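A.B. asks: I'd like to ask you about the structure that follows.
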Amino acid sequence: MLTDRSITTAISVRDLNFAWASGEPVLDRCTLSVPKGEFWMLLGTNGSGKSTLLRLLAGLLKPTSGDIEIGDRLGFVFQNPDHQLVMPTVGADIAFGLVSENLSFQETQQRVEESLSAVNLSQMIRRPIYALSGGQKQRIAIAGAIARHAEVLLLDEPTALLDGENQTELVASVRELVKQKNLTALWVTHRLNELDYADGAFLLERGKVVDKGDPMRLKQLLLERS
Ligand SMILES: Nc1ncnc2c1ncn2[C@@H]1O[C@H](COP(=O)(O)OP(=O)(O)OP(=O)(O)O)[C@@H](O)[C@H]1O
Ligand SMILES: [Mg+2]
């Protein structure tokens, strides 16, 4: 039976602990939840455990202890899009991500076209990957997740390599997608101006959530600290 929580919460993490083989603890009773349909950001200094937490959420690492509840239709977007775009052209890359879905040729085409339209890059379906800007590459990586009907997007510093204009475009377009398609997103960043687009934010310190909530309050707090 679905509980109220599972209806309204898309990502739930309780008392999560994780240590590398060296024994160094990285996540320390980390607890957070992200409501369905919302765009939340994860902040914290270098080494505070943000990327490790995203990898645990994606099932790429196994926690030492604690609970994770998250849907199985996940999309992961990395800091460097060159690490995840593998085919020579935009259309081929998105179609390649659909191989395990066992779709017909027509269904695949339709998913590719719909996902490109969702990120406003329909005209680039035949464009070679090397001929895209960094911001366009990130939007193609996001289109790949949309094509697979991802419900939860995990984005690890997707704007780190982008200039200011591409950064703003990307964060605005992810917010719009989340709202239009009722997705949920957890977005890791060091760039405080991106908080203007968030519904909420978490502050991670030494693997623990030490503050959470209103993104504008957290922005102010971190600006005062810097
Ligand atoms: N593969 C690994 N083996 C051992 N230790 C690791 C490994 N990957 C990361 N760590 C360590 O785990 C800790 C948390 O790293 P993590 O990458 O999660 O931090 P982060 O918050 O994402 O930092 P940044 O802002 O620099 O991206 C760091 O001390 C890091 O050195
Ligand atoms: Mg990181």
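A.B. asks: Need the C-alpha centroid separation for segment 92-115 versus segment 6-37, integer Å.
C.D. replies: Value for the Cα centre distance between the two parts: 32 Å.
A.B. asks: Build a GNM of the chain with springs between Cα atoms under 10 Å: which of Ala201, Ala172, Ala185 gets the top mean-square fluctuation?
C.D. replies: Ala172
A.B. asks: Would you mind telling me which residue in Gly47, Gly135, Gly207 has the biggest mean-square fluctuation in a Gaussian network model of the chain, where springs connect alpha carbons within a distance under 10 angstrom?
C.D. replies: Checking each option, the largest mean-square fluctuation is seen for Gly47.
A.B. asks: Using the Karplus curve 6.51 cos²θ - 1.76 cosθ + 1.60 with θ = phi - 60°, work out ³J(HN,Hα) for each residue of segment 83-88 in order, rounded to whole Hz, and write x for Gly and Pro.
C.D. replies: Using θ = phi - 60°, the values come out as 8, 10, 8, 10, 9, x Hz.
A.B. asks: Please label the shape of segment 122-166 as rounded, prolate or oblate, based on the square roots a ≥ b ≥ c of the eigenvalues of the alpha-carbon gyration tensor (a/c under 1.5 means rounded; beyond that, a/b larger than b/c means prolate, else oblate).
C.D. replies: oblate
A.B. asks: Please express the shape of segment 1-72 as an equivalent ellipsoid: the semi-axes are the square roots of 5 times the eigenvalues of the C-alpha gyration tensor, given largest first in whole angstrom.
C.D. replies: After scaling each eigenvalue by five and taking roots: 23, 14, 10 Å.
A.B. asks: Could you give me the ³J(HN,Hα) list for segment 20-31, computed from phi with Karplus coefficients 6.51, -1.76, 1.60 and θ = phi - 60°, whole Hz, x at Gly and Pro?
C.D. replies: 6, 4, 5, x, 5, x, 10, 10, 10, 6, 6, 9
A.B. asks: Within straight cross-link reach of Lys137, meaning Cα distance under 27 Å, which lysines are found once same-chain residues fewer than 8 apart are removed?
C.D. replies: Lys36, Lys50, Lys179, Lys181
A.B. asks: Continuing with the same structure: Using only Cα atoms, find the angle between the long axis of helix 164-181 and the longest principal axis of the chain, and express it within 0 to 90 degrees, rounded to the nearest 10.
C.D. replies: 90
A.B. asks: While we're on this one: Quick one: grab the alpha carbon gyration tensor of the chain, order the square roots of its eigenvalues as a ≥ b ≥ c, and give me rounded if a/c is under 1.5, else prolate or oblate depending on whether a/b is larger than b/c.
C.D. replies: It comes out prolate by the Cα gyration axes.
A.B. asks: Short version: ³J(HN,Hα) in whole Hz for each residue of segment 117-125, in order, from phi by Karplus 6.51 cos²θ - 1.76 cosθ + 1.60 (θ = phi - 60°), x for Gly and Pro, what are they?
C.D. replies: Rounded to whole hertz, the list is 5, 4, 9, 6, 10, 4, 6, 9, 4.
A.B. asks: Taking only DSSP H segments of four or more residues, each worth -39500 (n - 2.57), what value at 222 nm results for the chain once the sum is divided by all its residues, to the nearest 500 deg cm²/dmol?
C.D. replies: -10500 deg cm²/dmol
A.B. asks: Amide H of Leu153 versus every other amide H placed in the peptide plane: which residues, excluding those fewer than 5 positions away on the same chain, fall under 5 Å?
C.D. replies: Here Gly75, Thr184, Ala185, Leu186 satisfy the definition.
A.B. asks: Shifting gears a bit: Sequence-distant or interchain residues sharing an amide H contact under 5 Å with Ala10, placed H: which?
C.D. replies: Val34, Lys36
Read-outs: derived from the displayed coordinates by stated rules, not from any lab. Because the structure is predicted, anything quoted here is derived from the model rather than measured.
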